[in-house]
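What follows is a short report on a single structure.
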Amino acid sequence: MRNLIFITTLFISFQSLAQDSTKTKPKEWLGVLTLAEKFKTESNWTQQDQAVVGEHFQRLMKMKTTGIVVLAGRMELPLSDPDMKGLVIFYAKDEKEALQFMMDDPAVKNKIMLAKVYPYGIAVNKCD
């Protein structure tokens, strides 16, 4: 009987640990990137600006590999189109972390792109 009580207590303890509410599951966020006004004209881009956007892309690739970024891309519109945006769906524990993730982007730091962050929920993924 003692063994049964011990096993039951152990099982309940493991269940409690598995459901520990202090460990916040990362939430999904939508990062929206738009070009700063200057960069909506292609002739304003320098090689240095293009290199920064290369760093931006490499960072997104790295974050995809680590599981932070779900997907990233841009609209296939001309740079001058007011609807042109880049989108990043990623994980962060809260709004502060999500905003920091976007603000740490090299293109945002170098004022090539402007960033906004929205809470997001993926409804459909990997439809087969």
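Numbers for the structure displayed
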read-out: Three-way shape call for segment 24-120 based on the alpha-carbon gyration tensor, with the a/c threshold at 1.5; value: prolate
read-out: Greater than 25 Å apart at Cα, pairs in Lys40/Lys62; Lys38/Lys62; Lys62/Lys109; Lys25/Lys64; Lys25/Lys85; Lys38/Lys96; value: Lys40/Lys62; Lys38/Lys62; Lys25/Lys85; Lys38/Lys96
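FYI, it's all coordinate maths here, none of it is from the lab. Note that this is a predicted model, so its numbers are computed, not measured.
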